[in-house]
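Take a look at the structure below.
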Amino acid sequence: MPTVVATDAPCTGLSVIYNDDGSFDQYLFYPQNPDAVIVDTQVIANAPVKFLIDGMGDALGTYFEGLASLRTESPSLEGIGITRSGMALAKCCYDTLVDYGSQAVTACEHNVVTPALEAIVEANVYLSGVGADNVNCAGAHSFYNGVTSLGGHKASHGACVAFGTLVQLILEGAVKELFEEVQSFCLEVGLPVTLEELSLSCDDEEALRTIAENACAEGETIHNLAGDVTPDELYAAIIAADAMGKEAKQR
Ligand SMILES: [Zn+2]
């Protein structure tokens with residue numbers, strides 16, 4: 001019974017294990033997902049809106065990471081093939097975010113439950129969690145793991161996954177329309193589009209190179225992307241995503 005919807009963890013069949021300094025250690029996979037997950041949407045509406053927005057960031061990666069994994073015929077997060085139903089959940093997750101994200105933020109800011117808020121709770125917890133389990137993660141979650149490798153990071157999981165989704169789109173050579181659609185969503189609901197919003201700096205090359213290096217470590221889901229993503233390519237994409245975020249904020 002989650003009391004915040006800041007990640008899709010409640011519905012997934014796995015736990016993420018961290019080291020004491022907050023850096024990523026490993027995924028722990030369970031034989032099955034929870035039998036039931038119960039969410040009281042009034043509790044969510046009463047919780048700080050930041051958690052709802054963070055959860056949308058985590059959910060933002062699901063469709064794009066699934067698509068990337070499908071393209072390379074990667075297994076699902078649970079180690080089986082990626083199914084049409086898994087991809088349908090992931091697509092529904094993204095569509096729900098775009099359709100209802102900003103309305104849900106407003107409802108939560110006023111501590112009221114509306115159909116939009118309920119739709120986003122479903123997207124953040126169920127569609128994202130069961131979706132991701134049945135597709136897979138890719139660049140967005142590896143970017144987050146890279147950030148945690150710095151130790152003592154301040155940015156939330158969802159905030160990093162949202163920015164990581166923009167980074168992944170750049171790595172994939174997404175066309176302007178698609179990139180701007182996702183970036184606009186982030187701006188609309190208050191998810192980060194720049195490094196500064198993650199308490200990182202584009203001038204701190206050493207930290208960004210460390211993130212890129214560790215995000216590309218063996219076993220990282222970034223390798224579900226087509227081509228062999230190198231730390232140099234990831235570093236370039238991080239810089240580009242940040243620069244485009246700054247441009248968008250000035251518009
Ligand atoms: Zn996540």
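The values are calculated or read from the model by the stated rules, or taken from the named source; none is laboratory data. This is a predicted model, so every value here is computed, not measured. Neighbour counts run over all protein chains shown; Cβ positions are idealised from the backbone, glycine included.
Ser142 - would you say it is within 16 Å of the ligand (Cβ to nearest atom) and under 21 Å from Gly55 (Cα atoms)?
When the stated conditions are applied, Ser142 passes them.
Taking Gly190, is it modelled with pLDDT under 95 and surrounded by fewer than 21 Cβ atoms within 10 Å (Cβ to Cβ)?
no
Looking at this structure, is Val49 farther than 22 Å from Val167 by Cα and surrounded by 14 or more Cβ atoms within 10 Å (Cβ to Cβ)?
yes
Given the conditions (1) within 15 Å of the ligand (Cβ to nearest atom); (2) assigned to a helix (DSSP H, G or I); (3) of a type outside the set (Phe, Trp, Tyr), and given that His153 satisfies all but one, which numbered condition is not satisfied?
Exception for His153: condition (2).
Please go through segment 30-49 and give me each residue that is part of a helix (DSSP H, G or I) and either at pLDDT below 95 or within 16 Å of the ligand (Cβ to nearest atom) (or both), ordered by number.
Going through segment 30-49, the residues part of a helix (DSSP H, G or I) turn out to be 41-46, 49.
Within segment 30-49, none qualify.
Considering each residue of segment 2-17, count those that are assigned to a strand (DSSP E or B) and either away from the ligand (no atom under 13 Å from the Cβ) or among the small types (Gly, Ala, Ser) (or both), and give that number.
Number of matching residues: 2.
Among the residues of segment 82-93, are any hydroxyl-bearing (Ser, Thr, Tyr), in contact (Cβ under 8 Å) with a residue 24 or more places away in the chain and surrounded by fewer than 24 Cβ atoms within 10 Å (Cβ to Cβ)?
yes
So Asp54 ticks every box in (1) free of Cβ contacts under 8 Å to residues at least 24 places away in the same chain; (2) within 16 Å of the ligand (Cβ to nearest atom); (3) part of a helix (DSSP H, G or I); (4) of a type outside the set (Phe, Trp, Tyr) but one. Which box is left unticked?
Result: Asp54 passes all but (1).
List every residue pair whose Cβ atoms sit under 9 Å apart, with the two residues 6 or more apart in sequence or on different chains, where the first one lies in segment 26-49 and is among the acidic types (Asp, Glu) and the second, anywhere, is surrounded by fewer than 17 Cβ atoms within 10 Å (Cβ to Cβ).
Every condition considered, the pairs that remain are Asp40/Met1; Asp40/Thr3.
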